[in-house]
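Notes follow the structure.
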Amino acid sequence: MGCNEKIIQHCRVVSETVLDIAESILESGTIIDLELVRLGGLLHDIGRSITSDINHGVEGARLLREKGFPENLAKIAERHVGAGIPLKEAKILGLPAKDFLPQTLEEKIVCYADKLVSGKKVTDIEYVINDFAIKLGPDHPSIERIKKLHTEIMSIINS
């Protein structure tokens, strides 16, 4: 398995961002698996060693399962694309017919942190929303999903 240096650097920054978010969540009293989110941040884009398209989450999960990694780590890779992808959109996009929305808090943290990191630069939610609007269109449902993810994570941090 080999990803290019840009992807590796991106994953390192995502992992650092994940840990920052996770530490804030832990300070709020919410229990999360720090090691899982750290590894999820590092390995979420492992599927890019095979493809750079929307299938990289599915491919990453497959690779992690084949290599014997835990299922909860494979699901982080599988569910981090976009702001998650519901069944209906997955079918349209040619993905396996299932729901790819992040479910656990650990999955949500990695998905969210990945969106905040553009290349190796940490951005903010306004940047992410604008980027989604430019790339996907201003009314794309992913925009509402990322806003919801942001609100959920911020409400946990601020509780």
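Only the coordinates and a few stated rules stand behind these numbers; no lab work does. As the structure is a computational prediction, the values presented were derived from the model and not from experiment. For neighbour counting, all protein chains shown are included, and Cβ atoms are generated from backbone atoms with ideal geometry for every residue, glycine included.
Here are the numbers:
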read-out	value
Cross-link partners of Lys115 among lysines (Cα-Cα below 21 Å; sequence separation of 8 or more within a chain)	Lys6, Lys75, Lys135, Lys147, Lys148
Stokes-Einstein translational diffusion, the chain - Kirkwood Rh over all Cα pairs, 1.567 mPa s, 4 °C, in µm²/s	83 µm²/s
Alpha-carbon centroids, the stretch 1-15 and the stretch 113-159: separation in whole Å	20 Å
About the Cα centre, charge dipole magnitude for the chain (Lys/Arg +1, Asp/Glu -1 at Cβ), debye	440 debye
Rounded to the nearest 20 debye, dipole of the stretch 65-159 from Cβ charges on Lys, Arg, Asp, Glu	200 debye
Nearest-0.05 FRET efficiency for Glu5 and Glu152, computed from C-beta distance (R0 35 Å)	0.60
Farthest toward positive dipole pole in the chain [+1 Lys/Arg, -1 Asp/Glu at C-beta], among Leu116, Leu43, Leu95	Leu95
